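Engineer: One structure, pasted below without further comment.
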There are 2 protein chains.
Amino acid sequence: MKYDAEVKISLKKGMLNPEAATIERALALLEYQVEDTKTIDIIKFSLEGENDETVHKEVDEMCQRLLCNPVIHNYEIKITSKNSIK
Amino acid sequence: MKYDAEVKISLKKGMLNPEAATIERALALLEYQVEDTKTIDIIKFSLEGENDETVHKEVDEMCQRLLCNPVIHNYEIKITSKNSIK
């Protein structure tokens, strides 16, 4: 069965986010005043798996090993099954 | 009134995404087979504004001028008002 996975990666609270700081400063130069700027990365892909649970576990493993740095990142995993059965 | 803005930036269809390609290759090296990898960036911030419409227009302007490259990016803007009235 095919599944779609979505991993949402954000920095943990208290972590400095230079990207967000740069965006805020650049917007200020253009005279837009914004605050509390945050950036979030989403990675989407599809993969084969037996059921929701095993796929979730596999994607969690990918996060731990490659996609995220658990020391500084929070991540959320969303698994949805594609309707087509292969 | 305070508003929360969320800008979701993705590459247009057909654009090469080297970040996604690298993720897919790196996952393959770890023996995870995934496909259709996509990456999406979200920028969140809060700002002052009169009403939903003017805030949406202002954020759209920010996207055009700084946050996105309209030639290669699609973007979606979501505006939500904070309950606290200043």
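Engineer: Can you give the angle from 0 to 90° between the axis of helix A:18-29 and the longest principal axis of chain A, with both taken from C-alpha atoms, to the nearest 10?
Structural biologist: 40
Engineer: Here is a follow-up. Leaving out ligands and nucleic acids, note down the accessible area per residue over chain A with a 1.4 angstrom probe, in whole Å².
Structural biologist: 64
Engineer: Before we go on, tell me the buried accessible area for the B/A pair, both chains summed, 1.4 Å probe, in Å² to the nearest 100. Display every interim value, and only then the final one.
Structural biologist: Working: alone 6800 and 6780 Å², together 10970 Å².
Buried: approximately 2600 Å² between A and B.
Engineer: Calculate what fraction, in whole %, of the accessible area of the protein assembly as shown sits on carbon and sulfur atoms when a 1.4 Å probe is rolled over the protein chains.
Structural biologist: 50
Engineer: Would you please state the base-10 log of I(q)/I(0) at q = 0.08, 0.17, 0.21 1/Å for the protein assembly as shown, with intensities from the Debye formula using one equal scatterer on every alpha carbon?
Structural biologist: -0.30, -1.10, -1.36
Engineer: Using only the alpha-carbon atoms, how far is helix A:52-62 inclined from the longest principal axis of chain A? Give it as 0 to 90 degrees, nearest 10.
Structural biologist: 50
Engineer: If you don't mind, another one. Between the DSSP loop rule and a limit of at most 13 other Cβ atoms within 10 Å, which GluC sites (Glu not before Pro) in segment A:19-86 are left? Show your work: numbers first, answer last.
Structural biologist: Details: sites: A:Glu19, A:Glu24, A:Glu31, A:Glu35, A:Glu48, A:Glu50, A:Glu53, A:Glu58, A:Glu61, A:Glu76; in loops: A:Glu31, A:Glu50.
Sites meeting the loop and neighbour criteria: A:Glu31, A:Glu50.
Engineer: Per DSSP helix of 4 or more residues, -39500 (n - 2.57); summed, then divided by the residues of chain A. What does that give at 222 nm, rounded to the nearest 500?
Structural biologist: Calculated at 222 nm, the ellipticity per residue is -8000 deg cm²/dmol.
Engineer: Now, a different point. Between Rg and the Kirkwood Rh of chain B, both from Cα atoms, what is the Rg to Rh ratio?
Structural biologist: 1.14
Engineer: Taking amide hydrogens as modeled 1.01 Å from N in the peptide plane, which residues meet the under 5 Å criterion relative to A:Ser81, leaving out close sequence neighbours?
Structural biologist: The answer is A:Asp4.
Engineer: May I ask which of A:Lys13/B:Lys44; A:Lys12/B:Lys12; A:Lys38/B:Lys12; A:Lys13/A:Lys57 have a Cα-Cα span longer than 21 Å here?
Structural biologist: Table pairs above 21 Å Cα-Cα are A:Lys12/B:Lys12; A:Lys38/B:Lys12; A:Lys13/A:Lys57.
Engineer: Taking each residue in B:45-51, count the Cβ atoms of any other chain within 10 Å of its Cβ, then average. What number comes out?
Structural biologist: Details: counts 12, 5, 7, 3, 0, 0, 0.
Average neighbour count from other chains, rounded to a whole number: 4.
Engineer: Please report, in debye to the nearest 20, how large the charge dipole of segment B:1-84 is about its Cα centre when each Lys and Arg carries +1 at its beta carbon and each Asp and Glu carries -1 there.
Structural biologist: Dipole size: approximately 100 debye.
The values are calculated or read from the model by the stated rules, or taken from the named source; none is laboratory data. It should be emphasised that the depicted structure is a prediction, and the values quoted were computed from it without experimental measurement. Every residue, glycine as well, gets a Cβ built from its backbone with ideal geometry; the counts of neighbours run over all protein chains shown. These accessible areas exclude ligands, DNA and RNA; they are computed on the full protein's heavy atoms, side chains included. Shrake-Rupley method; radii C 1.70, N 1.55, O 1.52, S 1.80 Å.
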